[in-house]
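To keep things clear, I will list the structure first and then write my remarks on it.
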Amino acid sequence: NIKVSEKTLNYDKQSIETLIKWLKVHKPDHLNIWNWVSSGRDTFLEFLKYKQEVGGDKKKWSDGSCQTSYRRVRSFFNFISEKIEGFPKQLLNKLPVAQPKVKIETFSSMDIRMILEFLEEHKSEPTWEWFVPIFKVLLETGMRVSEVVQMKIRDIDINEQKISILGKGNKRRNIYFRSKGVWDIICSQIYNENGKIRTDTEWVFWYKHKNTSYGKSYLVEKKDKRFRSDGVIKKTKTMIRLLNLDDSLSTHDTRRYFITEMLKKTGGNIPLVAQLVGHSSWDLVKRYTKNVVDANTEVNIGMFD
């Protein structure tokens, strides 16, 4: 009874079309699905190996790209077995496709100190003013970038200081703004200068920033638009490079940082943290528990104290 989104269908279609394109050149006989019965498993592994060693249209595939392709194509062949009599079930199941390594490393305490100092120093600068509150909300809540920029004023529960959002996979969850700092940010966005709830825009973070030209700054504001995820992601990368931090760090590391710090703060409450970040499975959050060492954790014997 779960409706598959149009986005998911498009990605499924692209995966199958990518495979077909490769088959036309390298294994044209396997454009006939019945040839997959005897050698389809080996053919698909050959396809993935090619994509990793030679490359796709733009670059070589990572383990993650291979796993995504495998999951979608495997589902397609399972679908075929349900629709075509005599076609074997689970033809591509349990192939030895490498699992991508899940990154759990994130900002260090020194990284965060430098970032917080940067945000404070640049909070009033025209080119950074719009970015600072968005990034602070990312750090404080563990929300995805897309979730933050899509927040709507009407969804804010003022009494409970929370918002109900529809996250990844169409899963609904509550995000709480109970720390004073983050609630002040939300209030500054949803109330107008007269202290009333805004009705001139539906977005919490509507499109509003300052441009600089010939030494003078001017406001660009479109209340019917919101900020885009890619704009926040690009700006985060600029900040990371200005601070000479590890270039592999990204906006998504705010979620990893939130998970790690909340596990420390809650004494390793995996179910709660999984609920806050929108993970239906606890397994991913469990991987962060190896980093849960706080100031009160005994980590030395203490025999020389």
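Quick notes
- Selection status of Lys3, open to solvent by 70 Å² or more (accessible area, probe 1.4 Å), assigned to a helix (DSSP H, G or I) and either of a type in the set (A, V, I, L, M, F, W, C) or at pLDDT below 95 (or both): no
- Filter result (free of Cβ contacts under 8 Å to residues at least 60 places away in the same chain, open to solvent by less than 30 Å² (accessible area, probe 1.4 Å) and in a loop (DSSP other than H, G, I, E, B)) within segment 163-183: Phe177
- Filter pass, Ile186 being closer than 22 Å to Asp253 by Cα, open to solvent by less than 70 Å² (accessible area, probe 1.4 Å), at pLDDT 95 or above and not in a loop (DSSP other than H, G, I, E, B): yes
- Leading residue by the ranking (nearest to the chain's Cα centre (by Cα)) among those in segment 200-217 that are of a type in the set (S, T, N, Q) and part of a strand (DSSP E or B): Asn211
- Selection status of Phe107, closer than 25 Å to Asp247 by Cβ and in contact with an Asp or Glu (Cβ under 7 Å, 6 or more places away or on another chain): yes
- Each residue in segment 233-263 was checked for being more than 13 Å from Ile112 (Cβ to Cβ) and part of a helix (DSSP H, G or I), and 12 pass.
- Qualifying residue in segment 12-27 (condition: part of a loop (DSSP other than H, G, I, E, B) and open to solvent by 80 Å² or more (accessible area, probe 1.4 Å)): no
- Subset tally (residues that are within 22 Å of the chain's Cα centre (by Cα), open to solvent by 100 Å² or more (accessible area, probe 1.4 Å) and farther than 21 Å from Thr18 by Cβ) for segment 76-108: 1
- Tally, over segment 32-64, of residues that are open to solvent by 50 Å² or more (accessible area, probe 1.4 Å) and not acidic (Asp, Glu): 16
- Per-region count, segment 197-255, residues in contact (Cβ under 8 Å) with a residue 24 or more places away in the chain, open to solvent by 80 Å² or more (accessible area, probe 1.4 Å) and hydroxyl-bearing (Ser, Thr, Tyr): 1
- Flag if Val285 is at pLDDT 85 or above and closer than 20 Å to Leu138 by Cα: no
The values are calculated or read from the model by the stated rules, or taken from the named source; none is laboratory data. Keep in mind it's a predicted model, so treat the numbers as computed, not measured. Heads up, the Cβs are rebuilt from the backbone with ideal geometry, glycines too, and the neighbour counts pull from every protein chain shown. We work out accessible area using only protein heavy atoms, side chains counted, and drop any ligands, DNA or RNA first. Shrake-Rupley method; radii C 1.70, N 1.55, O 1.52, S 1.80 Å.
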